[in-house]
Amino acid sequence: MKNTALTEKHIALGAKMVPFAGYNMPVQYEGVKAEHDCVRNAVGVFDVSHMGEFKLKGAKALDLIQSVTSNDASKMVNGQAQYSCLPNNEGGIVDDLLVYKVNDQEYYLVVNASNIEKDWNWISKHNTFGVEMTNQSEATSLLAVQGPKAAAALQSLTDVNLADMKYYTFTVGTFAGVPNVVISATGYTGAGGFELYFDNEHANHIWDAIFKAGAAYGIKPIGLAARDTLRLEMGFCLYGNDINDTTSPIEAGLGWITKFTKEFTNSANLKAQKEAGVKRKLVAFELVDKGIPRHDYEIVDAGGKKIGIVTSGTMSPSMNIAIGLGYVPTEFSAPGSEIFIAVRDKALKAKVVTLPFYKK
């Protein structure tokens, strides 16, 4: 089991530690609801240093990215980040990721922790462009400082005007006295905030500086459990649950990051699928009956026939209602459609809704 540079901090803070993607990670500190509410209403800090970071350099770096990702990276300007995915040859998804454009010859890819080796091998296999690739995952720490008070809590630590940074942009600057920190206005909570990338050696110093600067704003450490409830309230897909090697981006509602203005892996088949229409779709639902949907629970119709599967589910801490995502046949996908979730020996009524679940 691997540790992040901050594992000892989490243990000292009394975090409940669990194995996640090969790492020893904090799942919660004082409790999911308290941590979730802290991020929604104030500011919280996630150690997500288990994520993977690849640097791509060279005259044809964009060509490689365009060939393996579904979104159109040619539209990016320097200092911009883009959400995208790596399609496979069978119609599914190798991984979802962030693409950062440093300049015309340098890009930064951020991938899911569980897929670091898989993604590296996949992109390397397609690197017929002579692009210099560096896997910086083991040497890089990543903190996500999320919540409506994140900019105010962090501002004293940098000369970068955080409040003026637009969503999905980034800059490289000095943070807490440490040079060359990537400060990114991104995150997977829907609460606003920043993600900070830096070398492992600075992790403890930066963590301490953030908590000192943020004390007046009610800053708290946040575990992976609240990260999951926060992203689910927004309807953000989680790789391994809502998307995987067998789910197409069109089925998953990721058509908006699937651009047919260029050719990429399996693009012809995905374009044909989009034009013909898909047989199943990832939908959002709220439970009408009392209960909690969980990953892998069956979705059934009014007659009890299995029509799909729950991919993510929880009791929403912000709204106190049971919510979930799951794949169903297209005829059940319209908002307002009635579906049922099989919980033990009961079929609990649910209705299909539009995303996000949590509306500010």
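FYI, it's all coordinate maths here, none of it is from the lab. None of the values given here were measured: they were computed from a predicted structure. Backbone-built Cβ (ideal geometry, glycine too); neighbour counts: all protein chains shown.
Of the residues ALA12, TYR327, PRO26, the one whose Cα sits farthest towards the positive end of the charge dipole of the chain is TYR327 (charges of +1 on Lys and Arg Cβ, -1 on Asp and Glu Cβ, taken about the Cα centre).
This ranking places LYS101, LYS271 by how few other beta-carbon atoms lie within 10 Å of each, fewest first, which gives LYS271, LYS101. Remark: ILE219, ILE292 ranked as ILE292, ILE219, counting other beta-carbon atoms within 10 Å and listing the fewest first. Overall shape of segment 180-299 was characterised from the C-alpha gyration tensor. The equivalent ellipsoid obtained from it has semi-axes of 35, 23, 12 Å, in decreasing order. Note on segment 236-259 and segment 214-231: Cα centroid distance 26 Å, given to the nearest whole angstrom.
Taking every alpha-carbon pair under 8 Å whose residues sit at least 6 apart, segment 279-360 reaches a relative contact order of 37 percent.
Summing charges over all other residues whose Cβ lies under 15 Å from the Cβ of ILE341, with Lys and Arg as +1 and Asp and Glu as -1, gives +1. The magnitude of the dipole of segment 302-349, with charges of +1 and -1 set on the Cβ of Lys/Arg and Asp/Glu and taken from the Cα centre, is near 160 debye.
Can you check what the net charge comes to around GLY187, using other residues whose Cβ is under 11 Å from the Cβ of GLY187 (Lys, Arg +1; Asp, Glu -1)? Computed value for this residue: +1.
For the chain, the spread of Cα coordinates along the three principal axes comes to 63, 49, 39 Å, biggest extent given first.
Each Lys and Arg adds +1 at its Cβ and each Asp and Glu adds -1 at its Cβ; summed about the Cα centre, segment 1-118 shows a dipole of about 140 debye. For segment 279-360, the residue among PRO317, ALA342, PHE285 whose Cα projects farthest onto the positive side of the dipole built from Cβ charges is PRO317.
Given the options ASN41, ASN115, ASN320, which has the most mean-square fluctuation in a GNM of the chain, springs set between C-alpha atoms less than 10 angstrom apart? In the Gaussian network model the winner is ASN320.
Considering all different alpha carbon pairs of segment 7-53, the Kirkwood hydrodynamic radius works out to 11.6 Å. Residue pairs exceeding 22 angstrom between C-alpha atoms, taken from LYS101/LYS262; LYS281/LYS360; LYS305/LYS349; LYS279/LYS351; LYS16/LYS359: LYS281/LYS360; LYS16/LYS359. Taking every Cα-Cα distance in segment 279-360 and sorting them into 10 Å bins from zero, the calculated P(r) comes out as 21, 60, 18, 1 percent.
Report summary: the helix-based calculation at 222 nm, which adds -39500 (n - 2.57) for every DSSP H run with n ≥ 4 and divides by the residues of the chain, gives -5500 deg cm²/dmol. Dividing the alpha-carbon radius of gyration of segment 70-170 by the rule-of-thumb value 2.2 N^0.38 Å gives 1.24. Count charges around LYS259 for me, please; just the other residues with Cβ under 13 Å from its Cβ, Lys/Arg as +1, Asp/Glu as -1. Summing Lys and Arg as +1 and Asp and Glu as -1 gives +2. Hull volume per residue, based on the alpha-carbon atoms of segment 278-325 and their convex hull, is 83 Å³. Overall, the chain carries a charge dipole of about 820 debye about its Cα centre when +1 sits on the Cβ of Lys and Arg and -1 on the Cβ of Asp and Glu, all other atoms neutral.
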